[in-house]
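A short worksheet on the structure shown next.
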Amino acid sequence: MTTDFEVVVVGAGPAGSIAALQLARAGIATCLLERGPFPGSKNVYGGVIYPRVLDGLLPAWRDEAPIQRVVTRRSTMLLTETQSVAVDVRVAAWGAPPYNGVTAYRSEFDQWLADQAVQAGATLVTSTTATGLRQEAGRVVGVSTDRPDGDLSCSLVVACDGVNSFLAREAGLYARFSRHHMTLGVKEVLALDRRELESRFNLTGREGCDIEMLGATGEITGGGFLYTNLDTLAVGCVLKLDDLAASARRPEEVLAALKAHPSIAPLVAGTELVEYAAHLIPEGGYDAMPTLGKPGIVVAGDAASMTLAAGVWLEGVNYAMAAGSTAAAAAVLAQAEPGGLAGTHRHYTRLLGASFVQQDHKRLRRAPRVVFSDFVQHVQPGLVCDVAESFFTVANPEAKPGLVRTIRRAMRARGISTRAALRSAIATVRVFR
Amino acid sequence: MTPLDDFDGLDFEDRMATATFDVAGDAHIVVDGDACEGCTTKACVTVCPASLFVELSSGGVLFNYEQCFECGSCYLVCNEAGAITWRYPEGGKGVIVRRG
């Protein structure tokens, strides 16, 4: 059977472009389909690309990739309506190569990644939506597109079509695709003079800051984020879709409240909104992942729910790139076998299982349950803030209470039982040990 | 002014004007108005970040597709099976995120 391409990769995001890059490098005829007018034009993220995967695949990335800032300051904040406690981690070494994390505009970064795939020999086709799979006897043999006569036959489809994951669902790989694992991210990009931005966040040169917030979304389970680009800030919140649907609040209203918080307002003051955007995030972790492939198809990136939302760790682009690379490596192994590329899924599942992508997700499979639990979301921020406030409030002539007594008092004032606190602490330790 | 306007001193229309759309000729969202009339939650009205769904006094839902971020929240929260049919817009059309 002749095919148009050996492999069709759907979606030129981090997973798809890296897959196409590595497939093209292996001499495999690859088409990279993108529904947007250019790669990255549909993509929104929450702030930091962890680039270790790029060191091996594109060693020149530090000089060539369109990066905004290098994160040297990582802050985690717990907030109530009027208080906040932050753990502010600053590491000067992160500002020097190899860099721990970088910020970028996805329109630029994803386009650069796709360019690398094209330079390696992949065929990029933009402005083309994959509308479905072509299957024969349970095996995927191509994709349909919305171009006239635009159906493409191939031996392998790499589905990197994003969080809505239409192709993996059509292939029957999701036993239960569910909104319960989804969060809605809304984000504002705010213009701020570069010098003012750097002095406001205590940064020099290309240093950048990334702040994650918990407790800033009211009764809605979720979190907030704020990170720096060269001359813009990005501020947003991530809201559990079920909770948002059940609340009477609009997403931009939740974000406006977050921006008005006394600890956040000074950081965003005097800025001008230059772009508002929204995107879904699959935050179900390991247990929400689909079967990773079947004959003729493998799934990677958001389409396979490969984002880690484990409280202190919020990552996705790195997992997507690693999964794309693994899909290509699996294809190379399969190609040498009698069954050919159609057998890629078996190698992909095995290789990915041995990689940090699945190891992280498997180890932290219970993290979403803990991070999204009522205690961590709605009780803990207030407790931590109250304890910190009491501890640092000088109540002369009253003598200073000990820490244990301060904590007991704060728990009593908020009606928190020792049992509930211990249960949450134990669950947290179990997940992150 | 609806309660949705004027958060943060910013009119919702001004907020949406910061996003870029190359609008397709065909709607990629189709809503079955009959199904909506029996819906008690109308969650799409609340969650859509572009506020594309408006509840009518008749109990139905009015929608437009032009300024859609293509997130998929509406069809996922829809509790009336099949009331919202949602697909990606025609290739090259729809939202263009410049600083995602």
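Where a number appears in this text, it was derived from the coordinates with a stated rule and is not lab data. Source: prediction; values computed, not measured. For neighbour counting, all protein chains shown are included, and Cβ atoms are generated from backbone atoms with ideal geometry for every residue, glycine included.
Summing +1 for each Lys or Arg and -1 for each Asp or Glu among the other residues whose beta-carbon sits under 14 angstrom from that of A:LEU403 gives +2. Of the residues A:LEU403, A:PRO338, A:VAL8, the one whose Cα sits farthest towards the positive end of the charge dipole of the protein assembly as shown is A:LEU403 (charges of +1 on Lys and Arg Cβ, -1 on Asp and Glu Cβ, taken about the Cα centre). Around the amide H of A:LEU32, modelled in the peptide plane, lie the amide H atoms of A:VAL9, A:THR123, A:LEU124, A:VAL125, all under 5 Å away and 5 or more residues distant in sequence or on another chain.
With contributions of -39500 (n - 2.57) from each DSSP H run of at least four residues, the per-residue ellipticity at 222 nm computed over chain A stands at -10000 deg cm²/dmol. Measuring from a point 7 Å past the Cα of A:ARG350 along Cα-to-C-beta, which residues in region A:285-315 have an amide N at less than 19 Å? Taking a point 7 Å out along Cα→Cβ of A:ARG350, the residues of region A:285-315 whose backbone N falls under 19 Å are A:291-299.
Residues in region A:258-272 carry Karplus couplings, in order, of 4, 5, 8, 4, x, 8, 9, 3, x, 6, 10, 5, x, 9, 10 Hz; the curve used is 6.51 cos²θ - 1.76 cosθ + 1.60 with θ = phi - 60°, and Gly or Pro positions show x.
Can you list the aspartates and glutamates whose alpha carbon is less than 20 Å from that of B:LYS93, not counting same-chain residues fewer than 8 positions off? Output for B:LYS93: A:GLU34, A:GLU108, A:ASP110, A:ASP146, A:ASP149, A:ASP151, A:ASP161, A:GLU275, B:ASP22, B:ASP26, B:GLU66, B:GLU70. Taking every alpha-carbon pair under 8 Å whose residues sit at least 6 apart, region A:160-233 reaches a relative contact order of 28 percent. Taken about its Cα centre, the protein assembly as shown carries a charge dipole of about 2680 debye when Lys and Arg each add +1 at the Cβ and Asp and Glu each add -1 at the Cβ. Computed across region B:27-97, the Kirkwood hydrodynamic radius from all distinct Cα-Cα pairs reaches 12.3 Å. Per-residue Karplus couplings for region B:45-52, computed as 6.51 cos²θ - 1.76 cosθ + 1.60 with θ equal to phi - 60°, are listed in order as 5, 7, 7, 4, x, 9, 6, 8 Hz, Gly and Pro entered as x. Within region A:359-402, name every residue whose backbone N is under 20 Å away from a label modeled 7 Å from Cα of A:ALA420 along the Cβ vector. It comes to A:369-390, nothing else. Less than 5 angstrom separates the built amide H of A:ALA216 from those of A:LEU79, A:GLY224, all sequence-distant by 5 or more or on a different chain. Using a Gaussian network for chain A with springs between C-alpha atoms less than 10 Å apart, which of these wobbles most: A:ALA86, A:ALA15, A:ALA322? Most flexible of the set in this elastic network: A:ALA86. Near A:GLN358, once Lys and Arg are set to +1 and Asp and Glu to -1 for all other residues with Cβ below 12 Å from its Cβ, the sum equals +3. Taking amide H as placed 1.01 Å from N in the peptide plane, A:ILE297 has its amide H under 5 Å from the amide H of A:VAL140, A:VAL157, A:HIS345, each at least 5 places away in sequence or on another chain. Tilt of helix A:106-119 relative to the longest C-alpha principal axis of chain A, in degrees (0 to 90, nearest 10)? For A:106-119 against chain A, the angle is about 30 degrees. Straight-line reach from A:LYS400: which aspartates and glutamates fall under 16 Å, measuring Cα to Cα and dropping same-chain residues less than 8 apart? Within the straight-line limit of under 16 Å, A:LYS400 reaches these aspartates and glutamates: A:ASP386, A:GLU389. Entry note, chain B: the mean residue ellipticity at 222 nm calculated from DSSP H runs of n ≥ 4, each adding -39500 (n - 2.57), is -4000 deg cm²/dmol after division by the residues and rounding to the nearest 500. Straight-line cross-link partners of A:LYS240 among the lysines, defined as a Cα under 16 Å from its Cα and at least 8 positions apart when in the same chain: A:LYS187.
As a length-normalised measure over Cα pairs under 8 Å and 6 or more apart, the relative contact order of chain B settles at 37 percent. Work out the FRET efficiency for B:SER58 and B:VAL23 from their Cβ-Cβ distance, taking R0 = 30 Å, and round it to the nearest 0.05. For R0 = 30 Å, the calculated efficiency reads 0.65. When chain A is treated as a Gaussian network with alpha carbon springs shorter than 10 Å, the biggest mean-square fluctuation among A:LEU422, A:LEU308, A:LEU341 belongs to A:LEU422.
Counting every other Cβ atom within 10 Å of each residue's Cβ, A:LEU383, A:LEU32 order from fewest to most as A:LEU383, A:LEU32.
What size of dipole, in debye to the nearest 20, comes out for region A:310-433 about its Cα centre when the only charges are +1 on Lys and Arg C-beta atoms and -1 on Asp and Glu C-beta atoms? That gives a dipole near 680 debye. Helix A:380-392 and the longest principal axis of the Cα set of chain A meet at an angle near 40°.
Comparing B:TYR65, B:TYR88, B:TYR75 in a Gaussian network model of chain B where C-alpha atoms under 10 Å apart are linked, the largest mean-square fluctuation is found at B:TYR88.
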